[in-house]
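To start, the structure itself, in C-alpha cells.
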Amino acid sequence: MDLGYHGKRCLVTASTGGLGFAIARAMAAEGATVVLNGRSDASVDKAMARLQALIPAAVLEKAVGNTGDAAGCAATIAACPDVDVLIVNLGIYEAMDIYKAGDDRWMELIEVNVMSGVRLSRHYLPGMLARNAGRVVFMASESGINPAPEMPAYSATKTMQLSLSRNLAETTKGTNVTVNSVLPGPCRTEGVADLIAGLYPGVETAEAERRFVADNRPTSLIQRLSLPEEVADFVTFLASSRTAIVNGAALKIDGGLIRTVV
C-alpha cells in the first residue's frame with residue numbers, strides 16, 4: 001500500500017531517540033522527507049547519521065530547537081518554516097506525589113507537554129489549511145483518559161492535549177486537513193525504562209517491566225510494554241494520505257488497557 005509520503009515534509013518533534021526516532025524512521029522508510037528535531041546540533045546530527053545508516057536512501061533535514069519552550073519553538077520554525085505533516089511528540093513525565101509536588105513541577109509539564117503543541121500548531125496549521133492538505137498528530141497517552149496515580153501532572157497534561165487536538169480539528173471542517181491524537185500505553189523507550197528502574201530499583205529489567213504492568217496497568221490485554229516500532233507504524237499510517245476520513249479522533253493504541261467500548 002502506497003501511503004503517499006513521497007514529496008511530503010514531515011516534522012517529528014523530539015526525534016533524536018525513543019518514540020520520536022521510531023516514527024521518523026518509519027516515515028523515512030515510506031519516502032517522506034523527514035525533519036529531525038532535538039535540543040542540540042550534536043544530538044540531531046547523531047540521530048541523522050544513525051537513521052541514514054539504517055535507511056541509506058532516507059531524505060533528512062534538521063531543525064534544532066527545544067520545542068518545550070517558546071524560544072525553541074521559534075528556532076524550530078525558523079529552521080523548518082513549512083511542513084505537510086506535524087507530529088507533536090515531545091513530552092516529559094515523572095513519578096510524583098500529588099500532595100508534595102510544587103507548582104514549578106506542574107507548570108514545567110504544562111509548558112512542555114501542552115504549550116509545545118499550541119505553539120507549533122498555531123504556526124503550521126494555517127499553512128495546511130491554505131493548501132487544503134496536511135496532517136497533525138498529537139502523541140498523547142492512555143493516561144489522558146485513564147489517569148496514572150503515580151504521574152498526576154503528566155496525566156493532566158495528556159488530558160489537555162486531547163482537548164487541544166479536538167479543538168484544532170474543529171478548525172479543519174470541510175477541508176482535507178486532519179488533526180488527531182493517539183493514546184499509546186506504556187512503551188519500551190529509554191525514558192520509560194528509566195522510570196521503571198526508579199520504581200523498582202535493583203530489579204532485573206524484564207521482571208521490573210512485568211511488575212510495572214501488573215502493578216500499574218493490570219487491565220492491559222497484551223500484558224507487556226508496547227514497542228516503539230509498533231506505535232510508529234500506526235502513527236505513520238494515521239498521518240498518511242490514506243486516512244482522510246479520520247479527523248478529530250483520539251485513537252487508543254494501548255494494548256486494550258482502557259476498559260471502554262468506545
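The values are calculated or read from the model by the stated rules, or taken from the named source; none is laboratory data. Computed from a prediction, not measured in an experiment: that's the story for all the values here. Here the Cβ positions follow ideal geometry from the backbone for every residue, glycine too, while neighbour counts run over all protein chains shown.
Let's see how each residue does on (1) farther than 24 Å from G17 by Cα; (2) assigned by TED's automatic domain parsing to the domain that holds A22; (3) buried (at least 22 other Cβ atoms within 10 Å of the Cβ):
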| residue | (1), (2), (3) |
| --- | --- |
| A63 | no, yes, yes |
| A74 | no, yes, no |
| V83 | no, yes, yes |
| I92 | no, yes, no |
| D104 | yes, yes, no |
| I110 | no, yes, no |
| N113 | no, yes, yes |
| P126 | yes, yes, no |
| F138 | no, yes, yes |
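Hey, among R131, R217, which residue is of a type in the set (D, E, K, R), under 23 Å from I23 (Cβ atoms) and not assigned by TED's automatic domain parsing to the domain that holds T16? Steps first, please.
Values: R131 fails: not assigned by TED's automatic domain parsing to the domain that holds T16.
Every option except R217 fails the conditions.
The set of residues from region 1-15 being over 17 Å from D82 (Cα atoms) and either in a strand (DSSP E or B) or of a type in the set (S, T, Y) (or both) comprises just one member, S15. Of the candidates R166, R105, R119, the single residue that is touching a Cys at 6+ places or on another chain (Cβ under 7 Å), in contact (Cβ under 8 Å) with a residue 24 or more places away in the chain and over 21 Å from T236 (Cβ atoms) is R119.
Looking only at region 127-148, count how many residues are farther than 19 Å from S240 by Cα and free of Cβ contacts under 8 Å to residues at least 60 places away in the same chain. So the answer is 3.
A57 falls short on exactly one of the conditions (1) among the small types (G, A, S); (2) touching a residue at least 12 places away in the same chain (Cβ under 8 Å); (3) farther than 25 Å from A244 by Cβ, and that condition is (2).
Is it the case that region 158-172 has a residue that's farther than 21 Å from A22 by Cβ and modelled with pLDDT under 95?
Start the filter on region 158-172 by keeping residues that are farther than 21 Å from A22 by Cβ, which leaves 159-160, 162-164, 166-172.
Within this subset, residues satisfying the condition of being modelled with pLDDT under 95 are none.
No, that holds for no residue.
Screening F212 on (1) at pLDDT below 95; (2) under 25 Å from T260 (Cβ atoms); (3) within 14 Å of the chain's Cα centre (by Cα) shows it passes everything except condition (3). Restricting region 244-262 to residues that are modelled with pLDDT under 95 and among the aliphatic types (A, V, I, L, M), the residue that is surrounded by the most Cβ atoms within 10 Å (Cβ to Cβ) is L257. Do we find that L199 is closer than 24 Å to G18 by Cβ, of a type in the set (A, V, I, L, M, F, W, C), surrounded by fewer than 19 Cβ atoms within 10 Å (Cβ to Cβ) and in contact (Cβ under 8 Å) with a residue 40 or more places away in the chain in this structure? So L199 fits the description; yes. For region 45-61, the condition holds for no residue, the condition being that it is touching a strand residue (DSSP E or B) at 6+ places or on another chain (Cβ under 7 Å), within 25 Å of V177 (Cβ to Cβ), surrounded by 21 or more Cβ atoms within 10 Å (Cβ to Cβ) and acidic (D, E).
The criterion of being in contact with a strand residue (DSSP E or B) (Cβ under 7 Å, 6 or more places away or on another chain) and either outside any helix (DSSP H, G or I) or surrounded by 23 or more Cβ atoms within 10 Å (Cβ to Cβ) (or both) does not hold for S121.
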